[in-house]
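Working notes for the structure below.
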Amino acid sequence: MFDRDKWDEILEALTANTFRTILTAFGVFWGIFILVILLAAGNGLENGVKQGFSGMATNTMFMWTQATSKPYKGLPKTRQFSFQNSDVPALKEKFPDLLYVSPRNQLGGFRGGNNVVRGTKTAAFNVYGDYPEYVKQESMDIVKGRFVNYQDIETSRKVAVIGQGVIDGLYEKAEEVIGTYVKINGVNFMVVGVYKTKSNNNGNAEEAQKNVFVPFTAFQQAFNYGDRVGWMAITANDDASITELKPKILEFMKSRHSISPDDERAIGNFDLYEEFSKILGLFSILRFIAYFVGTLVLLSGVIGISNIMLIVVKERTKEIGIRRALGATPAAIRSQILLESIFLTISAGMLGIGAATGVLIVINKILDSMPSEGSMFANPSVDLPVVFFALIILVGSGLLAGFIPAQTAIKVKPVDALRTE
């Protein structure tokens, strides 16, 4: 039941020395403000990194061949070998938990330079031979036309999907690219699609637009790759972990290519899921640090409130003695002091949450007005459960701040209190 007299008394006690009350409340205000801002900043960084992985199948590993480091079955070490087309169905049959097994070949990049020609213009780009599934594994959008399809694979059709960087290097401004031809190492390919990558490619988003994708079979045929597979992108189903499957996959591939089971160098690999998990683990640590630092700052504010409440209790010793003499119970005195402490703490904390919310609204408006491509920071915010948790902290802090002063107040004997001047 609402007791107006009690709340009038609380407000009167807190406004008796307004400046002191404001300075005391500022510690709690600043603590909760810092807590919310730190958590929002961590979420903003996490959102930005996840945005960079948007559209990419993170449960993926990449695998390629290297020279062997150990002799095996009469074969010498430092032997060069290649994956083959038959490895793809063999992997799918052996490991039903694999969602995609995409063989890939590449010209350019670490394989050496290559020329892509259109008319009188020549430029060097990475050229990839891929299967249709790769568009589901890579973070890219097809903004015009289409990607490679299985009809292209079956007929070894010489078609190409290019990025904006290729268009800028080979085409005139506003020129239509779909249906035109580009010559790759002397072989003509018809452009059927334009892609745009959604990731920032390790901070180099512009370079990620300078690729050419062609059907895997056409690549092998046009560039005399025969049965060779340069490397593979392998994605597991959502209910399986590619990190757990990786040792078995490597063991299987070693057995198929007569490689020693102990040879750790022969097959190179990169586990995207493992790296992604490390990043998520880092954000968990950052979240813990935000809670830890914010709570410590908040605790310093709570200590300040507790100290001031002790001073207030001492100043009101005679008042407390009179109330005790008139029949006020220790519980009534204790509840009065605790209510004053909780009210001051929650009021300051809610102002801190409100101020932090206002700052985040301004930051988000600024971020919305800026280009988001390649950004590593997006939508800094806190979830409702976090706000609820902050309110629980505030109530607990108020009780903690008022408990010692309240206990001090009820220990005052009425006769001693009345003698106090």
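The values are calculated or read from the model by the stated rules, or taken from the named source; none is laboratory data. Note that this is a predicted model, so its numbers are computed, not measured. Cβ atoms come from the backbone with ideal geometry, glycine included; neighbour counts cover every protein chain shown. To get the accessible areas, we keep the full protein, side chains included, count just its heavy atoms, and leave off ligands, DNA and RNA. Shrake-Rupley method; radii C 1.70, N 1.55, O 1.52, S 1.80 Å.
Checked across region 271-294, the condition of being of a type in the set (S, T, N, Q), farther than 15 Å from F81 by Cβ and without any contact (Cβ under 8 Å) to a residue 12 or more places away in the chain holds for at least one residue.
Taken as a whole, the condition of being over 18 Å from N59 (Cα atoms), of a type in the set (F, W, Y) and at pLDDT 75 or above does not apply to Y273. Put simply, of S255, S199, S260 the only residue that is of a type in the set (S, T, N, Q) and at pLDDT below 85 is S199.
Taken together, the residues in region 107-166 that are of a type in the set (S, T, N, Q), open to solvent by 30 Å² or more (accessible area, probe 1.4 Å) and part of a helix (DSSP H, G or I) amount to 3.
So that you can scan it fast, the table gives a plain yes or no per residue for (1) at pLDDT 90 or above; (2) touching a helix residue (DSSP H, G or I) at 6+ places or on another chain (Cβ under 6 Å); (3) not in a helix (DSSP H, G or I):
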{"site": "F19", "(1), (2), (3)": "no, no, no"}
{"site": "I34", "(1), (2), (3)": "no, yes, no"}
{"site": "A41", "(1), (2), (3)": "no, no, no"}
{"site": "Q51", "(1), (2), (3)": "no, no, no"}
{"site": "A67", "(1), (2), (3)": "yes, no, yes"}
{"site": "K77", "(1), (2), (3)": "no, no, yes"}
{"site": "Q80", "(1), (2), (3)": "yes, no, yes"}
{"site": "L91", "(1), (2), (3)": "yes, no, no"}
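One residue alone among I242, I267, I234 is closer than 25 Å to T78 by Cβ and among the β-branched types (V, I, T), and that residue is I267.
Only a single item in (1) in contact with an Asp or Glu (Cβ under 9 Å, 6 or more places away or on another chain); (2) modelled with pLDDT of 80 or more is not met by L280, and it is number (2).
Determine whether G321 is modelled with pLDDT under 80 and either surrounded by 15 or more Cβ atoms within 10 Å (Cβ to Cβ) or within 17 Å of L91 (Cβ to Cβ) (or both). Criteria met by G321.
From the list P76, P103, the lone residue that is of a type outside the set (S, T, Y), without any contact (Cβ under 8 Å) to a residue 24 or more places away in the chain and under 30 Å from L250 (Cβ atoms) is P76. A count restricted to region 277-304 and to residues that are in contact with a Gly (Cβ under 7 Å, 6 or more places away or on another chain) and β-branched (V, I, T) stands at 1. In region 284-296 there is at least one residue matching the filter, namely being open to solvent by less than 30 Å² (accessible area, probe 1.4 Å) and either out of contact with any strand residue (DSSP E or B) (no Cβ under 8 Å at 6 or more places or on another chain) or on the phi > 0 side of the Ramachandran plot (or both).
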